[in-house]
Amino acid sequence: MSPLPAGSTIGILGGGQLGRMLAGAAARLGFDVVILVPGESPPAARVAARHIDADYEDEDALKMFAEACDVITYEFENIPVASIAHLTTLGADVRPGIKSLEVSQDRLSEKQFLNVIGIETGRFEPVDSVEQLKTALEAIGGDGLLKTRRDGYDGKGQVRVRSVDDLAAAYSQIGDAPAILEALVPFEREISVVIARGVDGQMAAYDPSRNEHESGILKRSTAPCGLPDDVISRAMDLAGTLARETGHIGVLALELFVLEDGTLLANEMAPRVHNSGHWTPEACATGQFEQHIRAVAGWPLGPVTRHFDVEMENLLGEEALAPPQSFAEGTILTLYGKRDAKPARKMGHAVRRTGRA
Ligand code: AMP
């Protein structure tokens, strides 16, 4: 496909902050954006040209959406694969494509896929019953994290399990749902690589960031990540392998645990722009949101050179309601326009440039 001309329409499935920031980047490049997401006034819909308020499975809405858009993407990995397939049968160009979405919707298939393409993970075992949980726990050494295979995010759908625990209670805590048990990884730090792949297969990886979590939720990302060059280049290579092997078009993220000896173990992937890349617009020649739009529009990728050292902090719940003057001078604020500042809800983020790169 030749590059989409400015003035074309990009469709985004999903309407949260990622969609909002993608819509902003698309607008800057001269595109119109249509958002398909159920709900009256989601954050992305308030900055888009049009909002189709419908369920992802609504076939009439999908048809209207396909007709309105020159290319379609998504901002959220729990879009039903069947809806993407349906859009494709209607003749829509959906980018990144189905493979990376399908793989990432299920923690078990994701980890198995990563291992098959040569990306190591920590040890994991499938769990579909309390009996299996007992066997799995023995296999991984008596201490682990039980996670639902589907629909978990920000530490939700997870519970720490030790062999002395009431295993039936632990399994019921995650809803007796299909799950995996992961061995606890004794990481020295966590990093992620955000990478883009264009329609022509060209790839561009951002410098990895160091990520710190609180209660399973990302709190802070820092670049540079403070690791030696050889570890950084291995991390970038792994992300490249993932983008290539999934035939992904657009941005994806690979979260990695780094062990004391430099071993890299994948935690998870996200087939989309990622919270740990929110510093890229303020630090790099091309930010992750513009990069994703460039890729799905068939444009050449922009340079990802990092010009600043940065620290990005998520503003959770009422932290985002602090008066603007209370942030240190030079803080670059992004607020998501969410109406309800529930505790731990991602409401915005603050980027500080800490030096020249
Ligand atoms: P997740 O939602 O699976 O990405 O987990 C959120 C965070 O919990 C991760 O970024 C880690 O800080 C921690 N975590 C998740 N799984 C493991 C594990 N197997 N071992 C150690 N820490 C973990």
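The values are calculated or read from the model by the stated rules, or taken from the named source; none is laboratory data. Computed from a predicted structure; not experimentally measured. A quick note on method: Cβ atoms are made from the backbone with ideal geometry, for glycine too, and the neighbour counts reach across all protein chains shown. SASA here: full protein model, heavy atoms, side chains in, ligands and nucleic acids out. Shrake-Rupley method; radii C 1.70, N 1.55, O 1.52, S 1.80 Å.
Taken over region 205-258, the criterion of being at pLDDT 95 or above, aliphatic (A, V, I, L, M) and in a strand (DSSP E or B) is satisfied by 205, 218, 223, 251, 252, 253, 254, 256, 258. With a requirement of 3 or more residues that are under 20 Å from residue 249 (Cα atoms), the helices (runs of 4 or more DSSP H) lying completely within region 1-102 that satisfy it span 17-28, 81-89.
Within region 265-294, restricting attention to residues that are buried (at least 23 other Cβ atoms within 10 Å of the Cβ) and more than 16 Å from the chain's Cα centre (by Cα), the residue that is farthest from residue 218 (Cα to Cα) is 294. Quick one: is residue 119 touching a residue at least 60 places away in the same chain (Cβ under 8 Å), within 16 Å of the ligand (Cβ to nearest atom) and outside any strand (DSSP E or B)? Yes, satisfied.
Looking across region 295-324, the residues that are open to solvent by 60 Å² or more (accessible area, probe 1.4 Å), part of a helix (DSSP H, G or I) and more than 24 Å from residue 210 (Cβ to Cβ) come down to 318, 321, 324.
Number of residues in region 157-184 that are among the β-branched types (Val, Ile, Thr) and either touching a Ser or Thr at 6+ places or on another chain (Cβ under 9 Å) or part of a helix (DSSP H, G or I) (or both): the value is 2. Here residue 338 passes the criteria (1) touching a residue at least 40 places away in the same chain (Cβ under 8 Å); (2) outside any loop (DSSP other than H, G, I, E, B); (3) charged (D, E, K, R) except the one numbered (2).
Only one of the numbered conditions (1) crowded, with 17+ Cβ neighbours inside 10 Å; (2) touching a residue at least 40 places away in the same chain (Cβ under 8 Å); (3) not assigned by TED's automatic domain parsing to the domain that holds residue 178 is violated by residue 41, and that is (1).
Being open to solvent by 20 Å² or more (accessible area, probe 1.4 Å) and farther than 30 Å from residue 263 by Cβ narrows it down to one residue among 113, 65, 124, 76; which is it? Exactly one residue qualifies, and that residue is 76.
Here residue 236 meets each of (1) open to solvent by less than 40 Å² (accessible area, probe 1.4 Å); (2) over 18 Å from residue 77 (Cα atoms); (3) more than 16 Å from the ligand (Cβ to nearest atom) with one exception, condition (1).
Specify the residue that is farthest from the chain's Cα centre (by Cα); the eligible residues are those in region 158-198 that are open to solvent by less than 60 Å² (accessible area, probe 1.4 Å), more than 14 Å from the ligand (Cβ to nearest atom) and charged (D, E, K, R). Step by step, filter region 158-198, then rank; the result is 165. When region 199-232 is filtered for residues that are of a type in the set (Val, Ile, Thr) and near the ligand (Cβ under 9 Å from one of its atoms), only 217 remains. Inclusion of residue 327 among residues that are farther than 30 Å from residue 199 by Cβ and surrounded by fewer than 20 Cβ atoms within 10 Å (Cβ to Cβ) is warranted. Cβ-Cβ contacts under 7 Å between residues 6 or more apart (or on different chains), taken from a first residue in region 172-194 that is on the phi < 0 side of the Ramachandran plot to a second residue that is assigned to a loop (DSSP other than H, G, I, E, B) and near the ligand (Cβ under 10 Å from one of its atoms), are listed as 174/157; 182/122; 183/122; 183/123; 185/122.
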